[in-house]
Amino acid sequence: METKAIVVGAGIIGLATAERLLKNGIKVTLLECGLTGRESSWAGGGILSPLFPWHYPDEVTYLTSYSAEQFFKWTTDLHEKSGIDPEYERSGMLLLEPYEEEVALQWCLSRNIKIQRKEICNSLQTLKHALHFPDIAQVRNPKLLSALSTRITQLGGKIIENCSVTSFKVGYHKVQSITSTCGEFSSDYYVVSAGAWSAKILEKHGLNLQIKPIKGQMLLFKYDSPPISNIIVQNDIYLIPRRDGHLLVGSTLEDAGFDKQTTSSAQNYLITQAQIVLPSLNKKKVIKHWSGLRPASPNNIPTIGRHPLIRNLFINSGHFRYGVTMAPASAEILVNEIIGAPQPFDISPYQMK
């Protein structure tokens, strides 16, 4: 008899999990309350690294590093199979002053991560030095999400949009079925990957799951060709160049509940800070301004694994700012839990308590 799984949430984590389940011969139905990939996953910048990794616990940086190593092969395969290019680019990242140089150098040295002092070009700003991370890459989130959803359909997966899960029917330590606005569904396994909405969906079954929305606002500009070659970070602002001349500027961190409204104050702040880094932005107009709700979790550590009391319920959520970065590794860990395969490393820090 065919094994089945229902994945709740079709963002980057849900899609990556579904793809890996399908590759392991498990039939998948994804239930998405809105449109596929159109929440936090779509809104992010696609930098495949924490901006200041030495500020994070090892549980975060180990997972992001392990996951980032998979991206070239993963996105190459998605491009070949789906025909959609996620635009994986090893563009490198420049960290502009102020920064903790010795802390950064020691952290990278102890983990064999390439870092170098670099003179920055005059077209940026008057600061003379930067720290350069040559191996940091990026992807274009909307294209990665489109490639994944196409690949899932090719593999026989089903995505049902505008379908909100309203309750879980649980008995004998198992989910018997779930009720949604588009009907009742039953399956062998249930995976909640609904980002900032995960705790809300699970309700009492969420136990002490601490995931909440943190709004991030971003801006988009357009040049004839990329005005910079590297991702650039200064303080809490980053600039991401795309191949076609688009430039992303982000982002805010706002504890505003489930309010996704964009604000003129955030736009003005982002423009002002970005123009300090890249003065040519003075001549450019904002062509798009949007926001997303990141699934924030304590210490930025996601929850990945089996529910401690309900044996066919699994959680893959709470990735905060690094859902895209952590996606392939998180999918690997979660699916290994379901099929009983060995894990690549100790996953206890990510398990639901």
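The values are calculated or read from the model by the stated rules, or taken from the named source; none is laboratory data. Just so you know, these numbers come straight off a predicted model, no measurement behind them. Virtual Cβ from ideal backbone geometry, glycine too; neighbours counted across all protein chains shown.
Residue under question is V286, and the condition is that it be β-branched (V, I, T) and assigned by TED's automatic domain parsing to the domain that holds S49; does it hold?
no
Does T252 satisfy the condition of being in a loop (DSSP other than H, G, I, E, B), hydroxyl-bearing (S, T, Y) and in contact with a His (Cβ under 6 Å, 6 or more places away or on another chain)?
In short, no.
Of D244, D255, which residue is modelled with pLDDT of 95 or more, of a type in the set (D, E) and closer than 26 Å to R90 by Cβ?
Result of the check over D244, D255: D244.
Select from the stretch 85-105 the residues that are under 19 Å from the mean Cα position of the chain (by Cα) and surrounded by 14 or more Cβ atoms within 10 Å (Cβ to Cβ) and list them in ascending order.
If the condition is that a residue be under 19 Å from the mean Cα position of the chain (by Cα) and surrounded by 14 or more Cβ atoms within 10 Å (Cβ to Cβ), then D85, P86, E87, Y88, E89, S91, G92, M93 are the ones that fit.
Can you find a residue that is over 16 Å from R311 (Cα atoms), assigned to a helix (DSSP H, G or I) and either touching a strand residue (DSSP E or B) at 6+ places or on another chain (Cβ under 9 Å) or free of Cβ contacts under 8 Å to residues at least 12 places away in the same chain (or both) anywhere in the stretch 207-215? Full working, then the answer.
Kept after step one, since they are over 16 Å from R311 (Cα atoms), are these residues of the stretch 207-215: 208-215.
Subset that is assigned to a helix (DSSP H, G or I): none.
No - not one qualifying residue is present in the stretch 207-215.
Being outside the structural domain of P57 (by TED's automatic domain parsing), surrounded by fewer than 18 Cβ atoms within 10 Å (Cβ to Cβ), under 16 Å from A43 (Cβ atoms) and of a type in the set (S, T, N, Q) narrows it down to one residue among T263, T252; which is it?
From the options T263, T252, the qualifying one is T263.
Can you name the number of the only condition in (1) on the phi < 0 side of the Ramachandran plot; (2) in contact with a Leu (Cβ under 7 Å, 6 or more places away or on another chain); (3) in the same structural domain as V28 (by TED's automatic domain parsing); (4) outside any strand (DSSP E or B) that G156 fails?
(1)
Listed here are the residues, each with its yes/no results for (1) farther than 20 Å from N162 by Cα; (2) touching a helix residue (DSSP H, G or I) at 6+ places or on another chain (Cβ under 6 Å); (3) touching a residue at least 40 places away in the same chain (Cβ under 8 Å).
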position: V7; (1), (2), (3): no, yes, yes
position: G11; (1), (2), (3): no, yes, yes
position: I26; (1), (2), (3): yes, no, yes
position: R38; (1), (2), (3): no, no, no
position: G45; (1), (2), (3): yes, no, yes
position: L48; (1), (2), (3): yes, yes, yes
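Could you check the stretch 1-89 for helices (runs of 4 or more DSSP H) lying wholly inside it with 1 or more residues that are in the same structural domain as L148 (by TED's automatic domain parsing) and farther than 27 Å from V249 by Cβ?
12-23, 58-68, 71-82
Pick out the one residue from T166, T179 that is within 25 Å of the chain's Cα centre (by Cα), assigned to a strand (DSSP E or B) and without any contact (Cβ under 8 Å) to a residue 60 or more places away in the chain.
Numbers: T179 fails: within 25 Å of the chain's Cα centre (by Cα).
Of the residues listed, the single one that is within 25 Å of the chain's Cα centre (by Cα), assigned to a strand (DSSP E or B) and without any contact (Cβ under 8 Å) to a residue 60 or more places away in the chain is T166.
From I271, I201, grab the single residue that is among the aliphatic types (A, V, I, L, M) and within 28 Å of S330 (Cβ to Cβ). Full working, then the answer.
Working: I271 fails: within 28 Å of S330 (Cβ to Cβ).
So the residue among I271, I201 that is among the aliphatic types (A, V, I, L, M) and within 28 Å of S330 (Cβ to Cβ) is I201.
Residues that are closer than 19 Å to L15 by Cα and touching a Gly at 6+ places or on another chain (Cβ under 8 Å): list the strands (runs of 3 or more DSSP E) wholly contained in the stretch 282-332 that include at least 2 such residues.
Result: 288-296, 313-317.
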